[in-house]
Amino acid sequence: DARVTQTPRHKVTEMGQEVTMRCQPILGHNTVFWYRQTMMQGLELLAYFRNRAPLDDSGMPKDRFSAEMPDATLATLKIQPSEPRDSAVYFCASGTGMNTEAFFGQGTRLTVV
Amino acid sequence: GQSLEQPSEVTAVEGAIVQINCTYQTSGFYGLSWYQQHDGGAPTFLSYNALDGLEETGRFSSFLSRSDSYGYLLLQELQMKDSASYFCAGSNSNSGYALNFGKGTSLLVTP
């Protein structure tokens, strides 16, 4: 059963701490997205990779956020230092080609206190 | 990224038909997708339109008009389990076909 796997599912951390979220895309998928979801802003695109190369990270706060794909089976999203306003659900999704369909992981619910 | 507008809330009765509209910016527009998300869950893909016209998948249909920069999702024979948020999403050639989402429409199906 192919699916996108995200870890951790839940994370509570103190302000100022580093947070790393991980995503394993579906094998064979060449596009990976990171989204942040809040009630106020909805689903915001943070980063987008194709064939492990970053294509669009214009929605990501560069001073504290970073996204990488060290290999085809792992995507990471880091926040350093974390702030309470970063509290949200972070989704990873993967797909193929021109993205007729993106498959979402179950998300990481981040709470920064 | 692509800007997409959709109503924030819609309420309909079980068994009825509901249409959720979505308008988008045209610059670089490539195609329109629809996703469903239940509370506490992840978005799941419903349909995709790259060309004008209607795409039908069971009780759900999606329509696109490029000339009007407009699309809609049509849900027929509504069931209680259809209560969820529905998102339109646009892919844009100007940003490498990144998928940008509208803010979602919360659908409540009542008995």
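For chain B, with a Gaussian network of springs between Cα atoms less than 10 Å apart, report the residue from B:S85, B:S69, B:S47 with the top mean-square fluctuation.
B:S69
Partner chain Cβ atoms within 10 Å, averaged over the residues of A:30-37 - can you pull that number for me?
Mean partner-chain Cβ count within 10 Å for A:30-37: 2.
Counting partner chain Cβ atoms within 10 Å of every residue's Cβ in A:41-50, what's the average?
That works out to 5 on average.
Taking 1 over the mean of 1/r across every pair of different Cα atoms in the protein assembly as shown, what Kirkwood radius in Å do you get?
For the protein assembly as shown, the Kirkwood estimate is 17.9 Å.
Percentage of Cα-Cα pair distances in the stretch A:1-69 greater than 20 Å, rounded to whole percent?
Percent of Cα pairs beyond 20 Å in the stretch A:1-69: 35.
Around A:T5, which amide H atoms from residues at least 5 apart in sequence, or from another chain, sit under 5 Å from its own amide H, with H modelled in the peptide plane?
For A:T5, the qualifying residues are A:Q24.
What order do you get for B:101-109, A:64-72, B:34-42 when each peptide is scored by the mean count of other beta carbon atoms within 10 Å, highest first?
With the highest mean Cβ count within 10 Å placed first, the list reads B:101-109, B:34-42, A:64-72.
Sequence neighbours fewer than 8 away in the same chain don't count; with that in mind, list the lysines whose C-alpha is under 27 Å from A:K78.
Within the straight-line cut-off, A:K78 pairs with A:K11, A:K62, B:K103.
Provide a whole-number value for the mean count of partner chain Cβ atoms within 10 Å of the Cβ atoms in peptide B:90-102.
Across the residues of B:90-102, the mean count of other-chain Cβ atoms within 10 Å is 6.
Since every read-out is calculated from the coordinates, none of them should be taken as a lab result. Please read these numbers as outputs of a predicted model, since none were measured by experiment. Methodologically, a virtual Cβ is constructed for each residue, glycine included, from the backbone with ideal geometry; neighbour enumeration extends over all protein chains shown.
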